[in-house]
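Colleague: Attaching a single structure in structure tokens format; questions to follow.
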Amino acid sequence: MADAFSTLSADRFFEDYAVGATYLCGSVRVTEDEIVRFAEAYDPQAMHVDRALAAAGPFGEVIASGWHTVALIMRLVVENFLPHNGLPSPGIDELRWILPVRPGDTLTLRATVTEARRSRSRPDRGLIHSFLEVLNQKHEVVMTMRPVNPVRVRRQEAG
């Protein structure tokens with residue numbers, strides 16, 4: 001098992017992901033203007049776009065759309081966890097929004113490899129199952145995700 005909080009090199013392949021390894025994959029700060037702009041375009045619920053209504057609501061201020069949080073974290077996944085050798089994903093097995101993301105929050109991605117197996121039908125790739133946790137600056141988990149990602153192999157096995 002790899003050490004907790006390992007780092008990944010930029011040039012990595014399926015063989016570089018050890019089951020049980022945990023990686024810190026960067027951080028991003030969330031601003032109120034970004035929250036409102038994203039929500040106006042993609043999720044125009046009052047809690048995301050109307051500062052006055054949101055201030056009177058249960059959260060006391062605008063909060064980020066969960067889809068905005070997913071988009072922010074996807075960038076961290078692409079830049080810091082999955083390589084240029086990543087391939088189109090078949091999807092996410094689970095997505096949970098646990099706590100609201102607020103203006104000024106700094107979100108950090110922690111990724112743990114939960115399963116890694118070679119593809120039986122496509123020898124040029126393997127499948128990485130991971131558990132992604134998004135933490136705010138208080139180290140509270142605000143979102144979790146369980147994606148499945150195909151990743152190119154460094155070398156193909158002789159067949």
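The values are calculated or read from the model by the stated rules, or taken from the named source; none is laboratory data. None of these values were measured; they are calculated from a predicted model. Using ideal geometry, Cβ is built from the backbone for each residue, glycine included, and neighbour counts are taken over all protein chains shown. Surface areas here come from the heavy atoms of the whole protein model, side chains and all, with no ligands, DNA or RNA. Shrake-Rupley method; radii C 1.70, N 1.55, O 1.52, S 1.80 Å.
Colleague: Please go through segment 95-129 and pick out each residue that is of a type in the set (Val, Ile, Thr) and not in a strand (DSSP E or B).
Modeller: ILE98, VAL101
Colleague: Across segment 11-37, which residue is nearest to VAL49 (Cα to Cα) among those that are aliphatic (A, V, I, L, M) and open to solvent by 60 Å² or more (accessible area, probe 1.4 Å)?
Modeller: LEU24
Colleague: Filter segment 42-81 down to the residues that are part of a helix (DSSP H, G or I) and farther than 30 Å from SER130 by Cα and list them by number.
Modeller: ALA46, MET47, VAL49, ARG51, ALA52, LEU53, ALA54, ALA55, ALA56
Colleague: Within segment 98-111, identify whether any single residue is of a type in the set (Gly, Ala, Ser), within 18 Å of GLU133 (Cβ to Cβ), more than 14 Å from the chain's Cα centre (by Cα) and at pLDDT 95 or above, and answer yes or no.
Modeller: Looking through segment 98-111, none of the residues is of a type in the set (Gly, Ala, Ser), within 18 Å of GLU133 (Cβ to Cβ), more than 14 Å from the chain's Cα centre (by Cα) and at pLDDT 95 or above.
Colleague: Looking only at segment 48-64, which residues are out of contact with any Asp or Glu (no Cβ under 9 Å at 6 or more places or on another chain) and open to solvent by 60 Å² or more (accessible area, probe 1.4 Å)?
Modeller: Matches in segment 48-64: ALA52, LEU53, ALA56, PRO58, PHE59.
Colleague: If we scan segment 71-88, do we find a residue that is at pLDDT 95 or above, open to solvent by 20 Å² or more (accessible area, probe 1.4 Å) and acidic (Asp, Glu)?
Modeller: no
Colleague: Further question: Can you run down the residue pairs with Cβ atoms below 8 Å, 6 or more apart or on separate chains, where the first is in segment 126-145 and touching a residue at least 40 places away in the same chain (Cβ under 8 Å) and more than 15 Å from LEU76 (Cβ to Cβ) and the partner is part of a strand (DSSP E or B) and of a type in the set (S, T, N, Q)?
Modeller: Within 8 Å, the pairs are ILE128/ASN149.
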